[in-house]
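Read the figures in this text as sums done on the coordinates, not as results from a lab. Predicted model, so just to flag it, every value in this text is computed and none were measured. In this analysis, Cβ positions are derived from the backbone assuming ideal geometry, glycine residues included, and neighbour counts consider all displayed protein chains.
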Amino acid sequence: MTCDEAEILLHALMDGELDAGHAREVEEHIAGCAACAAQLAAYREMSQAIAAADMKYTAPLALRRRIEASLPQPKAEAPSRRVVLRGFTLGSAVSAIAATGLVAIVLRDDDRQRIDSEIVSAHLRSLQAGHLTDVVSTDQHTVKPWFNGRLDVSPPVIDLTAQGFTLIGGRLDYVDARAVGSIVYRRRAHVINMFFAQSSNTERYAAKIETIQGFNLKGWSDRGLDFWAVSDLGADELSEFCDKFESAMRANSEG
């Protein structure tokens, strides 16, 4: 194992996400490589520092003032002390609600970015020798039943060979501290990992394609599942793949 290969897997080793074989390879490399051992120690120190930090967010006072300033002002006589206090209480409550909503939005965005980064890391790990597929088959009727009993959801294994995206197999992976499935496709020399997991979203959600560490990624939620497609394919071709996958999935469910 080279230093470049080991560096990709250091975070996964630190988080206990590697299978026994890959974990052993990385540990053997670290035992004989001072640079990678130092890098792993630095990652662990950073992780401990973040865990110990106070990450509580407090909305700024300026936000409360802007919300209070936007509330209707009385046009007639000067308000009584009771009205003033009532307005102040209402403004404080609105500010608290708005601040809570702002924090929730920030946390959702942070979670999404973190999970997207983990998806790309899982894609990178899959490109290591011997880790791309647990079941190798171009037959969807072989790949789909392989997941039975390994995940708590039924995998939407779609054969897109006729559309130019060859099904080559599937595997289990781990993202956000939970088991997820991956259906693996190939487009010429490019690998596409279609990750899926049970969703907490009740409504359909679709994200634009974004680029992380040189890979294109698109995520969405539909029919009780979260999906992430990631590849070094160009954005247009990855978008085409996602469109064909969704269309075929809808056709299968309606049929």
Tally Lys/Arg at +1 and Asp/Glu at -1 over every other residue whose Cβ is under 12 Å from the Cβ of residue 31; what's the total? -2
About the Cα centre of the stretch 3-52, what is the dipole size in debye to 20, counting +1 per Lys and Arg Cβ and -1 per Asp and Glu Cβ, all else neutral? 220
State the extension gain, in nm to one decimal, for the chain segment bounded by residue 209 and residue 35, taking 0.36 nm per residue of separation less the distance between their alpha-carbons. 59.1 nm
Just for the Cα atoms in the stretch 129-254, what are the lengths along the principal axes, largest first, rounded to whole Å? 35, 33, 33
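Evaluate E = 1/(1 + (r/R0)^6) for residue 138 and residue 2, where r is the Cβ-Cβ distance and R0 equals 25 Å; express this FRET efficiency to the nearest 0.05.
Numbers: r = 31 Å, r/R0 = 1.25.
Taking R0 as 25 Å, the efficiency between residue 138 and residue 2 is 0.20.
Looking at the square roots a ≥ b ≥ c of the eigenvalues of the Cα gyration tensor of the stretch 3-52, which shape do they give, rounded for a/c under 1.5, prolate if a/b is larger than b/c, or oblate? Don't skip to the answer; put the middle values down first.
On the way: a/c = 2.39, a/b = 1.38, b/c = 1.73.
Verdict is oblate for the stretch 3-52.
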Under a crude label model (7 Å from the Cα following the beta-carbon direction), how far is residue 179 from residue 112 in nanometres? 2.9
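How high is the relative contact order of the stretch 117-229, in percent, counting Cα pairs under 8 Å that sit 6 or more residues apart? Can you show the working numbers first?
On the way: 200 pairs, mean separation 23.0, N = 113.
Computed over the stretch 117-229, the figure is 20 percent.
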Between residue 20 and residue 154, what is the FRET efficiency for a Förster distance of 45 Å, r being their Cβ-Cβ separation, to the nearest 0.05? 0.95
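Taking R0 as 45 Å, what's the FRET efficiency between residue 48 and residue 162 from their Cβ-Cβ distance, rounded to 0.05? Mind dumping the intermediate values first?
Numbers: r = 51 Å, r/R0 = 1.14.
Efficiency at R0 = 45 Å is approximately 0.30.
Sorted by packing (mean other beta-carbon atoms within 10 Å per residue), highest first, where do 23-31, 58-66 land?
On the way: 23-31: 15.6, 58-66: 11.6.
Ranking, from highest mean packing down: 23-31, 58-66.
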